[in-house]
Amino acid sequence: AYLLGRAADTIADTALISPELRREFILVFRFQVRGPARLDALRRIESELTDLQNIPKERDLMTSLPSAFALLEAMPEADAALVRSVLVTLTLGMEQDLATFPVEASGNVESVEDAATLDRYIYLVAGCVGEFWTHLSLAHLFEADDATEARLLETGVRFGNGLQLVNILRDLPVDLRMGRCYLPSAVLAEHDLTP
């Protein structure tokens, strides 16, 4: 799950290809996650990103996509369903990011619209991971009654969301230089600020 999530993140974040092609590849990637993965689709992503990639570990990650998908497809079905679900959700967040913000080198800065948009985004890119680990723990480490399970899932989502909010604050200067402002424009406007 982690390797495939990192691969999707590499696709979404690379400035080596256009945002339009990144969005297309995220959609192709998501389709492969739903399974079964097609080798030709994975090779297309690999060929577009590997030669341009100057970070050796990211190049290695792109060339290992077929192996990573093979591992996913070899998992027990219950575990594979959890992995597929979290990866689909993560890629929805990546797609939202690519649709919301301008091209990194454009000099423009856009902000998320409001708190509800931010809440949806942080769930898609982080809260779902806390939820995933909670489901995985419940499946393999311990059992819980329905009320406890619901509380643990809520806490897992909140934990993931909280970590993402810390990331947003930590990365604020870098994100602004890239044209991304995760502070909602509605909140900024209340304080006579713009991105």
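A crude spin-label estimate for the pair residue 189 and residue 151, with each label 7 Å from Cα along the Cβ direction, gives 4.1 nm. Per atom type, the chain shows carbon and sulfur on 58% of its accessible surface, probed at 1.4 Å. In terms of the mean number of neighbouring beta-carbon atoms within 10 Å, the peptides 182-189, 137-144 order highest first as 182-189, 137-144.
Each peptide in 14-24, 154-164, 67-77 gets a packing score, the mean of other Cβ atoms within 10 Å over its residues, and the list from highest to lowest is 154-164, 14-24, 67-77. If you average the sequence gap of Cα pairs under 8 Å that are 6 or more apart and divide by the length of the chain, what percent do you get for the contact order? Result for the chain is 22 percent. For the pair region 14-91 / region 122-195, the C-alpha centres are spaced 23 Å from each other.
Compared with the direct C-alpha span, the chain from residue 119 to residue 104 gains 3.1 nm at full extension, assuming 0.36 nm per residue.
Note that region 1-157 carries a Kirkwood radius of 16.8 Å, evaluated over its alpha carbons pair by pair.
Give me the orientation-averaged projected area of the Cα convex hull of region 12-61, in nm², one decimal. Don't skip to the answer; put the middle values down first.
On the way: hull surface 13.4 nm².
Averaging across all directions leaves 3.3 nm² for the Cα convex hull.
Toward the positive end of the charge dipole of region 19-162, about the Cα centre and with charges on Cβ (Lys, Arg +1; Asp, Glu -1), which of 66, 105, 87 goes farthest? Value computed over the given set: 66.
Can you list which of the DSSP-assigned H helices in the chain have a Cα extent of 20 Å or more along the long axis and an average Kyte-Doolittle score of at least 0.5?
Numbers: long enough: 19-34 (22 Å, -0.07); 77-100 (34 Å, 0.64); 146-170 (36 Å, 0.05).
TM-like helix candidates: 77-100.
Rolling a 1.4 Å probe over the heavy atoms of the protein chains gives region 79-195 an accessible area of 56 Å² per residue.
Summing -39500 (n - 2.57) over the DSSP H runs of n ≥ 4 in the chain and dividing by its residue number, what mean residue ellipticity at 222 nm do you reach, to the nearest 500 deg cm²/dmol?
Values: 11 runs with 140 residues, N = 195.
Theoretical 222 nm ellipticity from helices: -22500 deg cm²/dmol.
For the pair residue 137 and residue 176, what calculated FRET efficiency results from E = 1/(1 + (r/R0)^6), where r is the Cβ-Cβ distance and R0 = 30 Å, to the nearest 0.05? Write out the running numbers ahead of the final one.
Details: r = 36 Å, r/R0 = 1.21.
For R0 = 30 Å, the calculated efficiency reads 0.25.
Dimensions of region 76-117 based on its C-alpha atoms, expressed as ranges along the principal axes with the largest first, amount to 47, 25, 9 Å.
The values are calculated or read from the model by the stated rules, or taken from the named source; none is laboratory data. Keep in mind that this is a model prediction, so the values were computed, not measured. Ideal geometry is used to build each Cβ from the backbone, glycine not excepted, and the neighbour counts take in all protein chains shown. Please note that ligands, DNA and RNA were not included when accessible areas were found on the heavy atoms of the full protein model with its side chains. Shrake-Rupley method; radii C 1.70, N 1.55, O 1.52, S 1.80 Å.
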